[in-house]
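Right, one structure below, let's go through it.
The values are calculated or read from the model by the stated rules, or taken from the named source; none is laboratory data. Remember, predicted model here, so these are calculated numbers, not experimental data. Heads up, the Cβs are rebuilt from the backbone with ideal geometry, glycines too, and the neighbour counts pull from every protein chain shown.
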Amino acid sequence: MPKEQQMSVSVWRGGAAGAYQPFDVKMEDNQTVLDVVAWIQQYADPTLSYRYACRVGMCGSCAMMVNGVPRWTCRTHVKKVLKDGHMEIGPLRNLPVIKDLATDMDPFFDKWVAAEGLHHPTQTRHDPIEAIDPDSAGRVEANAGIECINCSVCYAACDTVAGNPDYLGPAALQRAWSVYNDSKDANKQTILDAVSGVGGCHNCHSQGSCAVHCPNELNPMNAIAGLKRGTARNFFKRRK
Amino acid sequence: MIHGHRTHTLWIAFLLHRISGVALALFLPAHFWVLSYALNAPQKLDGFLHWAETPIVKFAEFGLVFLLSVHMLGGLRLMALEFLPWTSGQKTAAASAVAASTFLAGIFLLRAI
């Protein structure tokens, strides 16, 4: 019988102050990073805290730093990230650590609201449903961002967020861009005002880490560039 | 510094833009200082220009032309990104800026030697 293969996994333990703890984990043919974390919690140390829900890349709750790169761990195969039989798993960057691999997502979601990434209705429930042409330019632009699963991978990948805690971040700004392009949204000026403030879209340095690491292959940098154009156009229009 | 989530083309383009910007900002005061010799001390300027003919300075000028060109082309890319309709191929644009700058600086060096 072939010898059982092991990998060494370093896992962050503690809150903001803490250290990486090494674990030996059995290698399987098919194993995701989330499987490894679950194995450690179930067989090595039941006090390990982490967060997950759907395990199929829909809910966006299992994102962690794997070898310094933010990833959705439930859809990341171990063989993709293992380096010389080793990997390092940490909590998402740019968010307060609650314990071990679980971060406080409140700042991330608060910024969605701060960016006015919410629906501002044009009609009431008593009006007939409005027909939207799926091929219209605004709808195509809005569609580009709606597959976001709120996993915060882009937020963790962004060095501008790291340097400026007020920056709204790629996900919130992409949401604002989607809503801005929605013909059923009544309050586009509010969105432009919200995204052109101190922590707004103009902070973006176009490093593009958000687009590179987004597990759903969305492009928040594209959306932020759209907001920059929209706010610039709005600025000159208002001055007339 | 470039590891983990930063190992991709556009992040390196960002870094190159910053480094070239800082380097040019340091160069410009020295440049104007030497130019002021033309008014205040022409013989000193001649001496400097003679020294500037040495191969090491010519090679440094190759670097300078590269920095100028890559900063200008990189800046044009960013302005296009922010003010023109979105185009994919940002990585290609950034890589082209480096290629064009290397070519320009190379032509400059070949003409100088």
- request: Could you tell me whether any residue of segment A:186-206 is among the small types (G, A, S), closer than 20 Å to A:D159 by Cα, within 9 Å of chain B (Cβ to nearest Cβ) and without any contact (Cβ under 8 Å) to a residue 60 or more places away in the chain?
  value: yes
query: For A:I224, are the conditions met, namely being under 26 Å from A:S61 (Cα atoms) and either free of Cβ contacts under 8 Å to residues at least 24 places away in the same chain or surrounded by fewer than 18 Cβ atoms within 10 Å (Cβ to Cβ) (or both)?
result: no
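How many of the residues making up segment A:75-110 are basic (K, R) and within 14 Å of chain B (Cβ to nearest Cβ)? Break it down into steps so the answer makes sense when it comes.
Just the residues of segment A:75-110 that are basic (K, R), to begin with: A:75, A:79-80, A:83, A:93, A:99.
Subset that is within 14 Å of chain B (Cβ to nearest Cβ): A:83, A:93.
Going through segment A:75-110 one residue at a time, the tally reaches 2.
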Output for segment A:160-177, where each listed residue is buried (at least 23 other Cβ atoms within 10 Å of the Cβ) and either modelled with pLDDT under 95 or assigned to a helix (DSSP H, G or I) (or both): A:V161, A:P170, A:A171, A:A172, A:L173, A:Q174, A:R175, A:A176, A:W177
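Look through segment A:34-74, keep the residues that are in a loop (DSSP other than H, G, I, E, B) and within 14 Å of another protein chain (Cβ to nearest Cβ), and return whichever of them is farthest from the chain's Cα centre (by Cα). Outline the logic, then answer.
Here is the first cut: in segment A:34-74, the residues in a loop (DSSP other than H, G, I, E, B) are A:45-62, A:67-68.
Pick out the ones that are also within 14 Å of another protein chain (Cβ to nearest Cβ) and you get A:67-68.
Working: A:N67: 17, A:G68: 15 Å.
Among those that are in a loop (DSSP other than H, G, I, E, B) and within 14 Å of another protein chain (Cβ to nearest Cβ), it is A:N67.
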- prompt: Can you spot a residue in segment A:215-226 that is at pLDDT 95 or above, facing another protein chain (nearest Cβ under 10 Å) and out of contact with any Ser or Thr (no Cβ under 9 Å at 6 or more places or on another chain)?
  reply: yes
task: Mind telling me which of the residues B:F66, B:F83, B:F103 ends up being at pLDDT 95 or above and exposed (fewer than 13 other Cβ atoms within 10 Å of the Cβ)?
output: B:F103
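Would you pick out the residues in segment A:78-114 that are hydrophobic (A, V, I, L, M, F, W, C), part of a loop (DSSP other than H, G, I, E, B) and over 19 Å from A:P165 (Cα atoms)?
To start, the set of residues in segment A:78-114 that are hydrophobic (A, V, I, L, M, F, W, C) comprises A:78, A:81-82, A:87, A:89, A:92, A:95, A:97-98, A:101-102, A:105, A:108-109, A:112-114.
Restricting the remaining residues to those that are part of a loop (DSSP other than H, G, I, E, B) gives A:82, A:92, A:95, A:101, A:105.
Passing the criteria: A:L82, A:L101.
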Residue check for A:T47: closer than 27 Å to A:I146 by Cβ, modelled with pLDDT of 95 or more and polar (S, T, N, Q): no
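A quick yes/no check of all residues on (1) touching a residue at least 24 places away in the same chain (Cβ under 8 Å); (2) assigned by TED's automatic domain parsing to the domain that holds A:I191; (3) surrounded by 13 or more Cβ atoms within 10 Å (Cβ to Cβ):
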residue	(1), (2), (3)
A:N94	yes, no, yes
A:I98	yes, no, yes
A:A115	yes, yes, yes
A:H120	yes, yes, yes
A:E130	yes, yes, no
A:R139	yes, yes, yes
A:S152	yes, yes, yes
A:A156	yes, yes, yes
query: Quick one: what pairs do we get from segment B:13-27, first residue within 14 Å of chain A (Cβ to nearest Cβ), second among the hydrophobic types (A, V, I, L, M, F, W, C), C-beta under 7 Å, 6+ apart or different chains?
result: B:A13/B:A94; B:L16/B:V70
- prompt: Take the residues of segment A:1-49 that are without any contact (Cβ under 8 Å) to a residue 24 or more places away in the chain and aliphatic (A, V, I, L, M): which is nearest to A:N67 (Cα to Cα)?
  reply: A:A19
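Could you pull out every one of the helices (runs of 4 or more DSSP H) wholly within segment B:28-113 that has 1 or more residues that are touching a Leu at 6+ places or on another chain (Cβ under 6 Å), within 14 Å of chain A (Cβ to nearest Cβ) and closer than 30 Å to A:A223 by Cα? It would help to see each step written out before you state the result.
On the way: elements: B:42-51, B:55-83, B:90-112.
By residue number, B:90-112.
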